[in-house]
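The values are calculated or read from the model by the stated rules, or taken from the named source; none is laboratory data. Remember, it's a predicted structure, so these values are computed and weren't measured experimentally. No Cβ is skipped: glycine too gets one built from the backbone with ideal geometry, and neighbour counts run over all protein chains shown. Ligands, DNA and RNA are excluded from the accessible area calculation, which covers all protein heavy atoms including side chains. Shrake-Rupley method; radii C 1.70, N 1.55, O 1.52, S 1.80 Å.
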Amino acid sequence: MNIKMVDLKGQYEKIKNEVDQGIQSVIDSTTFIRGPILTEFKSDLEKYLDVEHVIPCANGTDALQIALMALGLEPGDEVITANFTFAATVEVIGLLRLKPVLVDVDPDTFNIDPERLEQAITPKTKAIIPVHLFGQCANMEAVLNIAQKHNLKVVEDTAQAIGADYTFSTGKVMKAGTMGDIGTTSFFPSKNLGCYGDGGALFTRNEELATRMSAIVNHGMYRRYYHDEVGVNSRLDSIQAAVLKAKLPHLDSYSLARRKAAEFYNNAFKDVEQLETPAIAENSTHVFHQYTMKVNGIDRQELQQFLKDKGIPSMVYYPVPLHLQKAYLDDRYQSGDFPITEDLCARVISLPMHTELSSDQLNYITDNVKDFCNKLEKIG
Ligand SMILES: *Cc1c(COP(=O)(O)O)cnc(C)c1O
């Protein structure tokens with residue numbers, strides 16, 4: 001059985017005509033940059049997200065950087081984010097000479113812990129970057145309340161959660177990435193809405209921010225060849241826009257396929273003592289960018305090796321907390337300062353998760369995982 005962490009080929013084959021036609025039309029038109037297809041995708045995504053402005057850019061890391069640039073932060077300003085995330089989030093904070101402040105996460109949802117977030121605020125704090133990790137929203141109601149109380153900007157890192165819905169206590173439902181001042185996402189091929197190269201986007205409801213971000217992505221030009229501020233060159237090319245335009249109408253069915261695979265895993269593992277299946281946040285749907293469990297009392301590396309021998313890939317997202325990464329070591333933080341993140345880094349494991357998992361594959365994966373756990377029980 002050919003099992004992959006992500007099956008982009010199988011997904012492509014089902015929408016081959018739409019994708020191929022889109023790509024071919026870009027080649028025929030030779031408008032490889034800023035063609036009409038980019039405008040079409042932008043407006044399709046604005047409709048899907050129900051947000052006023054989408055600004056496409058070159059990748060999800062640039063999107064985070066451009067968001068922070070547009071907020072006009074000054075070197076030394078503090079930006080709070082979750083410790084348990086992909087490094088891009090702190091990378092851009094560091095690149096802009098801002099000061100990353102890390103916060104531990106909720107042990108069940110893996111997302112930023114609002115209580116600890118509020119404790120981390122100082123007079124220098126200017127912004128918060130909640131990360132909607134693995135496909136479900138951080139506790140945005142709490143984050144937005146805290147931001148409002150302390151006059152902070154909110155940039156949602158939605159690289160892993162495009163399409164997730166968040167329900168506020170008023171009953172209002174909003175898409176991940178559209179609740180804060182700015183949302184950012186990545187269209188890296190393996191993301192839930194992935195293109196065939198690098199890509200990313202920013203979302204906002206604020207017209208001023210939209211204007212500023214549209215200029216920053218294009219060398220700070222508000223008018224052609226008039227550079228009003230320092231920008232970057234960060235574009236989504238037309239071929240990627242064509243792929244994304246073809247895939248966007250399928251995003252909800254992709255999310256559903258992921259959710260179904262996750263339910264299969266959950267059911268299979270519900271009585272397995274050594275496995276803690278992912279918790280669902282109270283107010284968010286889960287689009288399962290990753291299916292990430294915690295292991296209890298078993299050797300994670302042995303489990304991974306056992307699965308590998310059976311042809312089943314698995315991954316650890318993420319093995320090292322940010323405060324212990326060489327590039328981000330900081331006198332303020334020591335080992336032991338973030339007990340939950342450190343525990344998660346030691347215990348999480350992610351199983352294959354994509355839109356093309358068959359029930360045969362899911363049975364094979366879950367049977368083998370259970371086999372490993374049962375064997376241990378007998379020896380133990
Ligand atoms: C993938 C990812 C990014 C970066 O996106 P790229 O397009 O690879 O630059 C940022 N944040 C998170 C949480 C991610 O998963």
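Just so you know, in the range 36-69 the residues that are of a type in the set (D, E, K, R) and crowded, with 17+ Cβ neighbours inside 10 Å include one that is nearest to D157 (Cα to Cα), and it is D62.
Residues that are within 12 Å of the ligand (Cβ to nearest atom), open to solvent by 10 Å² or more (accessible area, probe 1.4 Å) and among the charged types (D, E, K, R) within the range 142-166 comprise just one, D157.
Okay, residues lined up against (1) surrounded by fewer than 14 Cβ atoms within 10 Å (Cβ to Cβ); (2) hydrophobic (A, V, I, L, M, F, W, C):
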{"residue": "E273", "(1), (2)": "yes, no"}
{"residue": "E282", "(1), (2)": "yes, no"}
{"residue": "H289", "(1), (2)": "no, no"}
{"residue": "L303", "(1), (2)": "no, yes"}
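Residues in the range 62-76 that are within 16 Å of the ligand (Cβ to nearest atom) and among the charged types (D, E, K, R): D62 only.
Listed by position, the helices (runs of 4 or more DSSP H) inside the range 140-247 whose residues that are acidic (D, E) number at least 2 are 207-216. When the range 47-106 is filtered for residues that are of a type in the set (A, V, I, L, M, F, W, C), outside any helix (DSSP H, G or I) and more than 20 Å from the chain's Cα centre (by Cα), the ones remaining, listed by number, are L71, L73, L96, L98.
Out of N111, N139, N83, N59, one residue alone is in contact with a Pro (Cβ under 6 Å, 6 or more places away or on another chain), modelled with pLDDT of 95 or more, of a type outside the set (S, T, Y) and within 16 Å of the ligand (Cβ to nearest atom). It is N83.
For the range 167-175, the condition holds for no residue, the condition being that it is out of contact with any Phe, Trp or Tyr (no Cβ under 6 Å at 6 or more places or on another chain) and within 14 Å of the ligand (Cβ to nearest atom). Could you check, for the range 117-124, whether at least one of its residues is within 15 Å of the ligand (Cβ to nearest atom), among the hydrophobic types (A, V, I, L, M, F, W, C) and crowded, with 24+ Cβ neighbours inside 10 Å? Looking for residues that are within 15 Å of the ligand (Cβ to nearest atom), among the hydrophobic types (A, V, I, L, M, F, W, C) and crowded, with 24+ Cβ neighbours inside 10 Å, one finds none in the range 117-124, hence no. As a summary of the residue check, I129 satisfies the conditions (1) surrounded by 20 or more Cβ atoms within 10 Å (Cβ to Cβ); (2) free of Cβ contacts under 8 Å to residues at least 40 places away in the same chain except for the one numbered (2).
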